[in-house]
Amino acid sequence: MKGNILANRSSPDRPETEYYPTPSEVTQALLNYLDLPQDTIIWEPACGAGFMAEVFQKAGYKVIASDLNDFGYGFTGLDFIGSRYRECDWIITNPPFKLSVEFIEQCLKHGKPFALLLKSQYWHSKNRIDVFNKFKPQAVLPLTWRPDFLFKKKGGSPTMECIWTIWGAEPAITTKYQPLKKPSKILIKEATTNA
């Protein structure tokens, strides 16, 4: 069933790189919540074809965009896991799901605030409770809509619910839970993808 491609890890249609471009409204909702100063430098270390990075740039932020794979945007061949630190104020990305724990650990090594887009049930796992408690996130922000990572190319309705999880430079005492509304105003016209 093609409508369930994101929920089905074994689907033969699932890209090997787990590359699903992030729709603009997902990034915009996070930026609306964070309300970062205009001189903020954001490192997007799994930039793919630049969907998130373009939203950051259009919002007036400075962006460092990199990716292990060559999707035609940013630095290519840079493996974030184990990479050297890039001078930035924030790290914000939609990591490959199978590497999400490694991305969290790598972000923590850099010592900067960061936000990762994750599946909504991400923290509903006894295997991840230690990750959560080791360096408690500041906020878990569920999206109140299901993003269309396939950009209507496969038909059907989006099936995956997502959350942003935000960590500060220091562990939080308590984690805020705040649902995010879908932005009514998007700063850039939705990009199209051939992924």
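Please list, in order, the residues from region 122-144 whose amide nitrogen is less than 19 Å from a point placed 7 Å along the Cα→Cβ vector of Ala172.
Answer for region 122-144: 122-126, 128-144.
Rolling a 1.4 angstrom probe over the protein chains, ignoring ligands and nucleic acids, what is the accessible area of Thr159 in square angstrom, nearest 10?
The accessible area of Thr159 comes to roughly 50 Å².
Quick check for you: with a 1.4 Å probe and neighbouring chains kept, what is the accessible area per residue of region 127-183, in Å²?
On a per-residue basis, 58 Å².
Considering only protein heavy atoms and a 1.4 Å probe, what is the carbon-and-sulfur percentage of the accessible area of region 8-142?
47 percent
Can you tell me the FRET efficiency between Lys181 and Leu108 if r is taken as the Cβ-Cβ distance and R0 is 30 Å, rounded to the nearest 0.05?
0.55
If you plug each phi of region 82-95 into the Karplus form 6.51 cos²θ - 1.76 cosθ + 1.60 with θ = phi - 60°, what whole-Hz ³J(HN,Hα) values come out, in order, with x for Gly and Pro?
Using θ = phi - 60°, the values come out as x, 6, 6, 5, 9, 5, 7, 9, 9, 10, 9, 7, 10, x Hz.
Could you please put Met52, Met160 in sequence from largest to smallest accessible area, using a 1.4 Å probe?
So, going from the largest accessible area down, we get Met160, Met52.
List the residues whose amide H sits under 5 Å from the amide H of Ser66, counting only those 5 or more places along or on another chain, with H placed 1.01 Å from N in the peptide plane.
Distant-sequence amide H within range of Ser66: Glu44, Ala46, Cys47, Phe75.
The values are calculated or read from the model by the stated rules, or taken from the named source; none is laboratory data. Small disclaimer: the values here were computed from a predicted structure and weren't measured. No Cβ is skipped: glycine too gets one built from the backbone with ideal geometry, and neighbour counts run over all protein chains shown. Just the protein is used for accessible areas: all its heavy atoms, side chains included, with ligands, DNA and RNA removed. Shrake-Rupley method; radii C 1.70, N 1.55, O 1.52, S 1.80 Å.
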